[in-house]
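So the structure is just underneath, and the comments pick up after that.
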Amino acid sequence: MNNSVLNTGRLLGAALRALLVSTVLTGVLYPLSVTGVAQALFPTEANGSEVKADGRVVGSAPIGQQGYSLDWFQPRPADGLGENSVNTQYRLILSGATNRSADNPELIKWVKEAKAKVVQENSTAGHRVEPSDVPPDAVTSSGSGLDPDISPAYAELQVHRVAERNHLSVARVERLVADHTEGRTLGFLGEPRVNVLALNIALKELIDGR
């Protein structure tokens, strides 16, 4: 009986020691080492790729935002995805595609309605946008729904509206778009793109500096 109790105590002691060691290794040392490496090598990414303007955080570089007024450049649509009712700075809470095939009647309806809206909103007194001018990313959401970038074609399509609403010259806004157009990664990966948040921050600085 005494041997049985003694053996049980030894087993429990060994189990507790193993639990303590594994807790320290996997629950303390490993997270600290990973965090330290991330902060040392990738500090921007490790801290959420924060974008600051006017001394405060206004977004995250790889996450697109919705809800801009027509005074600003618009992002890609985010149809079919959820909204965040807690933190309204980022309206999207779900990441994913709308999962509609190219011949899906609902998708076709969305695209037609979106194209008509883009044409209407971006046509000005002196500049008419034609349906054929509307690029695909202006009327479709990205695979994640969180794409922060738009094509240079979509940015350029919005130039006349943005210039008119903010009382700027078209040429000045065109230069702004050109200055914020990024080329292909490493020269051959992906497509040229414009980060909407960065572009709108530069637009605000331009307006404030007049």
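Give the residues of the range 126-167 that are free of Cβ contacts under 8 Å to residues at least 40 places away in the same chain and in contact with a Ser or Thr (Cβ under 6 Å, 6 or more places away or on another chain), sorted by residue number.
Within the range 126-167, VAL129, PRO135, HIS160 meet the criteria.
Working only within the range 135-154, note down all residues that are more than 16 Å from the chain's Cα centre (by Cα) and modelled with pLDDT of 95 or more.
Residues satisfying the conditions are PRO135, PRO152, ALA153, TYR154.
Any idea which of (1) at pLDDT 90 or above; (2) of a type in the set (A, V, I, L, M, F, W, C); (3) surrounded by 12 or more Cβ atoms within 10 Å (Cβ to Cβ) is the one ALA46 doesn't satisfy?
The one condition ALA46 does not meet is (1).
Hey, can you tell me all the residues within the range 183-204 that are without any contact (Cβ under 8 Å) to a residue 24 or more places away in the chain and not basic (Lys, Arg)?
GLY183, THR185, LEU186, GLY187, PHE188, LEU189, GLY190
If you scan the range 63-74, which residues turn out to be touching a strand residue (DSSP E or B) at 6+ places or on another chain (Cβ under 9 Å) and farther than 18 Å from ASP208 by Cα?
Taking the range 63-74 first, the residues touching a strand residue (DSSP E or B) at 6+ places or on another chain (Cβ under 9 Å) are 63-66, 73-74.
Result: ILE63, GLY64, GLN65, GLN66, GLN74.
Go over the candidates SER142, SER101 one by one and state the one that is assigned to a loop (DSSP other than H, G, I, E, B), in contact with a Lys or Arg (Cβ under 9 Å, 6 or more places away or on another chain) and either of a type in the set (Ser, Thr, Tyr) or not assigned by TED's automatic domain parsing to the domain that holds GLY64 (or both).
Among SER142, SER101, only SER142 is assigned to a loop (DSSP other than H, G, I, E, B), in contact with a Lys or Arg (Cβ under 9 Å, 6 or more places away or on another chain) and either of a type in the set (Ser, Thr, Tyr) or not assigned by TED's automatic domain parsing to the domain that holds GLY64 (or both).
May I ask you to say which residue of GLU106, GLU121 is part of a helix (DSSP H, G or I), closer than 22 Å to HIS160 by Cβ and assigned by TED's automatic domain parsing to the domain that holds GLU156?
One residue alone meets the criteria, GLU121.
Could you list, in sequence order, all residues of the range 127-179 that are among the β-branched types (Val, Ile, Thr), touching a strand residue (DSSP E or B) at 6+ places or on another chain (Cβ under 8 Å) and within 17 Å of GLY64 (Cα to Cα)?
Residue satisfying the conditions is ILE150 alone.
The values are calculated or read from the model by the stated rules, or taken from the named source; none is laboratory data. Treat the numbers as computed from the prediction; the structure is a model and nothing was measured. Every residue, glycine as well, gets a Cβ built from its backbone with ideal geometry; the counts of neighbours run over all protein chains shown.
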